[in-house]
Each structure stands twice: as structure tokens, then as C-alpha cells.
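**Student:** Okay, handing you the structure first.
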Amino acid sequence: MFGYVDIDMTAGPTEIAVIANQSANAEYVARDLEAENEHHQGLAILITTSKALAKTIKSKVSRGYIVMAKSLDEAAEIANAIAPEHLEIQVRRPEALVRKIKNAGAIFTGPYSPASVGDYAAGPSHVLPTGGTARFFSGLGV
């Protein structure tokens, strides 16, 4: 119906960015990235300060990107520039980093908050901004 009636926005391919450091469970990070890869044209991005985690994820995840950040502050800046549909923060104290995030469709914190729970059980399915549009669209509106 897009073009005939206003339907918020056209959703693009799904995407996830995960900010994680050495304290993250690599297996959880890998599974969450792979969950996006199962979608046609899905995009999975790891933003990390840990070379060891990057190496592990590279061996466990079939496709996607790994961005090395110098600090968690820089990781937050990178995430804001990407403006992902789903953003997971898997660091020891995620609350401090959440305050630095301005552009994301939905934010999931901690090891037991995968983005798939937001899509299928606890959140708004298929109404989150994709393709960087979280810089100027909110996830929900009236």
C-alpha cells in the first residue's frame, strides 16, 4: 500500500549490531549475529574492543562485519552512525553505554536479551527502522 497510503516507512532488510567486549559470552554473540543472517539480505555487525572476541566470532559466524573500536565510547559512536534496527549491548555494565546511544530501533542489554525476543515475544515485530533510518525515525509512533 506504500505510495497510496502513509504506512510509516518501507522496511528494508533486517539488521543487528552487537557491541561486545571481552566480558561477553562469545557463543551468545555468535548466535545472535547468526539469527540475523538467516534472513535474506540480513546484516550482522559486531562492534568490539576485543581482538580475541573478534577472532572467535570470525570463526563462528558465516557472514557479516566486525568493526574494531578503541573504546566503548567509540563503539557507541559507531553504533550511532550505523543506526541499526536492533542493537545489543553485551558488556559488563550496559546501562552506562545505553545512555550514549541515540540512534537505534531497539536496544537489548545483557547476555539474556537477544533481539529475537523483541521481534517474536516481547516487542514490536516489523515496525523498527532499518537501513540507518533510526537516525530520523523512531521505532513506534501513533
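**Student:** Non-local amide H neighbours of T109 (under 5 Å, H modeled in plane, Pro and chain starts lacking H): which ones?
**Tutor:** Residues meeting the amide H criterion: I89.
**Student:** With θ set to phi - 60°, apply the Karplus curve 6.51 cos²θ - 1.76 cosθ + 1.60 along segment 38-49 and write out the HN-Hα couplings as whole Hz, x wherever there is a Gly or Pro.
**Tutor:** Rounded to whole hertz, the list is 6, 7, 4, 6, x, 10, 10, 10, 9, 10, 9, 9.
**Student:** Mind checking segment 24-53 for GluC sites (Glu not before Pro) that DSSP puts in a loop (not H, G, I, E or B) and that have at most 16 other Cβ atoms within 10 Å? If you can, show how the numbers build up before the last one.
**Tutor:** Values: sites: E27, E34, E36, E38; in loops: E38.
Sparse-neighbourhood loop GluC sites (Glu not before Pro): E38.
**Student:** Gain in length, E74 to H40, computed as 0.36 nm per residue apart minus the alpha-carbon separation, to one decimal in nm?
**Tutor:** Numbers: separation 34, 0.36 × 34 = 12.24 nm, distance 2.96 nm.
The span from E74 to H40 would gain 9.3 nm if fully extended.
**Student:** Taking only protein heavy atoms into account and a 1.4 Å probe, give the accessible area per residue of segment 29-93 in Å².
**Tutor:** Values: 3400 Å² over 65 residues.
Spelled out: the 1.4 Å probe surface of segment 29-93, per residue, equals 52 Å².
**Student:** 5 Å is the cut-off here: which amide hydrogens, built 1.01 Å from N in the peptide plane, fall below it relative to E15, excluding neighbours closer than 5 in sequence?
**Tutor:** Placed amide hydrogens put L43, E85, H86 under 5 Å from E15.
**Student:** So which lysines can K100 reach, going by Cα to Cα under 26 Å and dropping same-chain residues fewer than 8 places off?
**Tutor:** K51, K70
**Student:** Over what distance in Å are the Cα centres of segment 73-121 and segment 15-36 separated?
**Tutor:** So the separation of the two Cα centres works out to 11 Å.
**Student:** What's the local net charge at V29, with K and R +1, D and E -1, over the other residues with C-beta under 9 Å away? Before the final figure, lay out each step's value.
**Tutor:** Working: positive: R31, K60; negative: E27, D32, E88.
Here the count lands on -1.
The values are calculated or read from the model by the stated rules, or taken from the named source; none is laboratory data. Keep in mind that this is a model prediction, so the values were computed, not measured. As a convention, Cβ positions derive from the backbone with ideal geometry for all residues, glycine included, and neighbour counts pool all protein chains shown. Calculation scope for accessible area: heavy atoms of the full protein, side chains included, ligands and nucleic acids excluded. Shrake-Rupley method; radii C 1.70, N 1.55, O 1.52, S 1.80 Å.
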